[in-house]
Amino acid sequence: MVERLYLKENLSFDIVDLNFQNGLILFTGPSGAGKSVLMNSLLSTLGLSESRAKLAELVFSDSIDLEPYGVEGDDVTVFKQIKKEKLRFFINSQTVSKKVVSEIGKQYIKHLTPRDADEFKQHSLLTILDSMGSEKLQNSLNSYRELYSEYEKLKKKIRLLNSEIEEIESREEFIKFEIEKIDLIDPKSGEDEELYRTRKMLSKKDKIESYLQESEDIFEKVNSIYEIFDLMGLEEELNENRDFFENLKGRLDEVEDELSELDSFDVEDLLNRIETLSELKEKYGTIEGGLQYRDQKRKELDNFYELREEREGYKAELKELETELTISSKELSELRVENLPIFQESLNSYLSLLNLQTSVIDIKETPFGENGSDMVQLSVGGSDLTTLSYGEQNRLRLALLTLQSKFNNSFAGVLFLDEIDANLSGDESMRVAQVLKELSESYQIFAISHQPQLTSKADQHFLVYRDSENSKRSVVQELQTVDERADEIVRMVGGGDREDSVKQFAKKLLEEGR
């Protein structure tokens, strides 16, 4: 709950230092005194509105989980704003962004505005319906949610696979074409060097053959060389030279064989092959680079086919889960239908209290969602919720909030209401006041009112007025005695000549409001 608000230089307010208790907290005072400014300051300190104060500090008595925001927590949480050249935000003296402040604020603050009717949303309506159910319904809902969580994870996996597969599919034909093109060339590692050598030999073939013929004379006289070393007794050198000439003769014979093989070569085919390999090297750098590219693309296609198989497996799992979800959601829906009369009867009791027409609640089937395949349809007096007036919508929202808090049995947070009882009759205002009083058992409620009925129900009452010595300056004062509060009610209803009797009425109203 909000424990304290401190403001400095906030429009018409110089200094505001207020301590709050739990329950229903009311701000009253003449029009234009600054009640809405004060309410807005409370909201702005939690990042839910624009701040106008030079300094604003709000103390929350609840321990808030600040770890996800990188802020150190404490038994109380202090929100602070300082406006100099720019507006800076702090939580427990640690600098934070406005986004962090507003994200935390939205978890604990509910502000009834026309643009944000959360109470009419499916999640809220189903939460109320489910809170009225038995343990069997809660177990059914938990089981369904576990299945739905698996279902959503599986759908996400399939979406990611689809994205990956689609990206490869768009290039599949091109990849296959590239692989086939390299396969058609069928290059071998080092083949280009061998072809260049062959081309060189072909161009020098006649000259090489001529030199081979001339070299025959060397081997005809080699025996004379052997005799020299033998006669000198140089056996080791003899063997070395014999090995040398024999190896040389063998190598030259190989060259001769290679030359004879060249006779079968088609020069044009050779040149075409060299040109083809040159084009391959120009594209991939080397023959090895082309081979590596082909192997990489083959792996890419293999992976692509594996992804397709994996996706089909997930689709089969998804189909099984859909069957299980259908069974689970049907069971959940049946249990909810059993609860509809309780929901409708409970809601109508509050609607009657708030002078609204009877509601009709029904359940329609929708696609799977986090809370099942049910959609709550709610109408009031046969009218769609969107056709209700702003005042009627707010009273309906109060009824739903009260109903939800009744079955929740825990502190629900802080609720802000701005003239919730405006333009209502005295009887209607009293009915709203009674509902708010009940709702204040679950919420700390901040409200602005110009009606005595709601004022009489307040647990804490603040009067906002203009300073008599400086009409541009606003002052806020807590009214603590019955007389002080009765005087304010007299002002609200316009006592005039009947001031004494009106004051007696006010005191009686306050007595009944306790």
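The values are calculated or read from the model by the stated rules, or taken from the named source; none is laboratory data. Just so it is clear, the model here is predicted, and its values are computed rather than measured. All Cβ positions, even for glycine, are placed from backbone atoms using ideal geometry, and neighbour counts span all protein chains on display.
Applying the criterion of being assigned to a strand (DSSP E or B) and not β-branched (Val, Ile, Thr) to the residues of the stretch 33-62, the residue that is surrounded by the fewest Cβ atoms within 10 Å (Cβ to Cβ) is 54.
Taking (1) assigned to a strand (DSSP E or B); (2) over 19 Å from residue 111 (Cβ atoms); (3) of a type in the set (Gly, Ala, Ser) in turn, residue 447 satisfies each apart from (2).
One residue stands out among those in the stretch 43-102 that are small (Gly, Ala, Ser) and under 26 Å from the mean Cα position of the chain (by Cα): the one that is nearest to residue 18 (Cα to Cα), which is 44. When residue 269 is tested against (1) in contact with an Asp or Glu (Cβ under 9 Å, 6 or more places away or on another chain); (2) acidic (Asp, Glu); (3) exposed (fewer than 12 other Cβ atoms within 10 Å of the Cβ), exactly one condition is not met: (1).
Evaluated against (1) farther than 26 Å from residue 325 by Cβ; (2) over 20 Å from the mean Cα position of the chain (by Cα); (3) not small (Gly, Ala, Ser), residue 138 falls short on exactly one condition, (1). For the stretch 216-228, the condition of being of a type in the set (Val, Ile, Thr), under 30 Å from residue 184 (Cα atoms) and loosely packed, with under 14 Cβ neighbours inside 10 Å holds for none of the residues. Annotation: residue 72 fulfils all but one of (1) surrounded by fewer than 12 Cβ atoms within 10 Å (Cβ to Cβ); (2) touching a strand residue (DSSP E or B) at 6+ places or on another chain (Cβ under 7 Å); (3) at pLDDT 90 or above; the unmet one is (3). The criterion of at least 3 residues that are closer than 20 Å to residue 36 by Cβ is met by the following strands (runs of 3 or more DSSP E) wholly inside the stretch 78-127: 109-111.
Considering only residues of the stretch 370-383 that are without any contact (Cβ under 8 Å) to a residue 60 or more places away in the chain and in contact with a strand residue (DSSP E or B) (Cβ under 9 Å, 6 or more places away or on another chain), which is surrounded by the fewest Cβ atoms within 10 Å (Cβ to Cβ)? Filtering the stretch 370-383 for residues that are without any contact (Cβ under 8 Å) to a residue 60 or more places away in the chain and in contact with a strand residue (DSSP E or B) (Cβ under 9 Å, 6 or more places away or on another chain), the one surrounded by the fewest Cβ atoms within 10 Å (Cβ to Cβ) comes out as 382. Within the stretch 409-423, the set of residues being surrounded by 18 or more Cβ atoms within 10 Å (Cβ to Cβ) and in contact (Cβ under 8 Å) with a residue 40 or more places away in the chain comprises 414, 415, 416, 417, 418, 420. Of the residues in the stretch 139-146, at least one is on the phi < 0 side of the Ramachandran plot, aliphatic (A, V, I, L, M) and not assigned by TED's automatic domain parsing to the domain that holds residue 290.
Scanning the stretch 128-145 for residues that are out of contact with any Ser or Thr (no Cβ under 8 Å at 6 or more places or on another chain) and surrounded by 18 or more Cβ atoms within 10 Å (Cβ to Cβ) yields 128, 129, 130, 131, 133, 137, 141.
Just to verify a result, which residue in the stretch 304-319, among those that are farther than 10 Å from residue 154 by Cβ and acidic (Asp, Glu), is surrounded by the most Cβ atoms within 10 Å (Cβ to Cβ)? For the stretch 304-319, the residue satisfying everything is 310.
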